[in-house]
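A.B. asks: Sharing a structure below in structure tokens format, with a few things to ask.
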Amino acid sequence: MKTNIITTATAIAPLLISLCLLACSPAMAQKPGRPDTPSAVPTSSGQLVYVPVYPSIYYLGQKKSLELTVTLSIHNISPDSNITLESVKYFNKKGKLIKSILASPKVLTPFETTSFVVTDKKDPGGVGANFLVSWKADHKVNRPVIQAIMIATTGSQGISFLTDGVPVRSLQTP
């Protein structure tokens, strides 16, 4: 019995080593949707971006809901170029505009980030609320990273998660 275990371990060892080497190879280490070569970086000169948010979530079979604080963050990841936020709009779960966040366009310089916090407890938007972010640049640039983080605490418990923005329309600069 002891000999069979050693023989089996000896036969499996090269396979395990091969799998470990394959898993550690640069091709396998690349994350899907996150290209690590400059030529593969997605660029655009403008987009309309949908960002799902959850200012409240249900629990106990929708009998109770937990209110969360929502922070929308927009990161200009271009090392060389400005982008301009044309509009940031907040909609409730039924698609009704709750408010326009920007009073006027806002320029983000290279690597600058701006954030907006939803604190309206009278009409927080409900499960399925969203932001629409419109941004433009003078030429093709790295697309900004647009995310929302939701967080809540009660007693010694806490919950947090984030969502990524999804481009829904290209807004090309003439």
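A.B. asks: Evaluate E = 1/(1 + (r/R0)^6) for R169 and T69, where r is the Cβ-Cβ distance and R0 equals 41 Å; express this FRET efficiency to the nearest 0.05. Let's see the in-between values first.
C.D. replies: Numbers: r = 28 Å, r/R0 = 0.70.
E between R169 and T69, to the nearest 0.05, is 0.90.
A.B. asks: Which whole-Hz couplings ³J(HN,Hα) result when phi for each residue of the stretch 92-107 is put into the Karplus expression 6.51 cos²θ - 1.76 cosθ + 1.60, θ = phi - 60°, listed in order with x for Gly and Pro?
C.D. replies: Once rounded to whole Hz, the list reads 7, 5, 9, x, 7, 5, 8, 6, 8, 7, 8, 7, 8, x, 10, 8.
A.B. asks: Among rounded, prolate and oblate, which fits the stretch 41-160 when a ≥ b ≥ c are the square roots of the eigenvalues of its C-alpha gyration tensor, a/c under 1.5 means rounded, and a/b larger than b/c means prolate? Write out the running numbers ahead of the final one.
C.D. replies: On the way: a/c = 2.59, a/b = 2.00, b/c = 1.30.
Here the stretch 41-160 falls in the prolate category.
A.B. asks: Using the number of other C-beta atoms within 10 angstrom as an exposure proxy, rank T109, T84 with the fewest first.
C.D. replies: Neighbour counts put them in this order, fewest first: T109, T84.
A.B. asks: Let me ask something additional. Using 1/(1 + (r/R0)^6) with R0 = 45 angstrom and r between the beta carbons of V107 and Y58, what's the FRET efficiency to the nearest 0.05?
C.D. replies: For V107 and Y58, the calculated efficiency is 0.70.
A.B. asks: Shifting gears a bit: Which order, highest average first, do 130-140, 160-170 follow once you tally other Cβ atoms within 10 Å for each residue and take the mean per peptide?
C.D. replies: 130-140, 160-170
A.B. asks: Once phi is turned into θ = phi - 60°, what whole-Hz ³J(HN,Hα) does the Karplus curve with 6.51, -1.76 and 1.60 give for every residue of the stretch 127-142, x standing for Gly and Pro?
C.D. replies: Here the 3J(HN,Hα) series is 4, x, 5, 7, 10, 10, 10, 10, 9, 9, 9, 6, 8, 5, 9, 4 Hz.
A.B. asks: Still on this structure: For the residue pair D80 and T43, what label-to-label distance in nm results when each label sits 7 Å from Cα along the Cα-to-beta-carbon direction?
C.D. replies: Computed distance between label sites D80 and T43 equals 0.7 nm.
A.B. asks: Between I149 and N92, what is 0.36 nm times their sequence separation minus the Cα-Cα distance? Round to one decimal in nm.
C.D. replies: Full extension from I149 to N92 adds 18.9 nm.
A.B. asks: Cβ under 13 Å from A103's Cβ, A103 left aside: what net charge do those residues give with Lys, Arg +1 and Asp, Glu -1?
C.D. replies: +2
Values quoted throughout were computed directly from the atomic coordinates according to the rules given, and no laboratory measurement underlies them. Bear in mind the structure is a predicted one, so any value in this text is a computation, not a measurement. Glycine also receives a Cβ, built like all others from the backbone with ideal geometry; neighbour counts cover every protein chain displayed.
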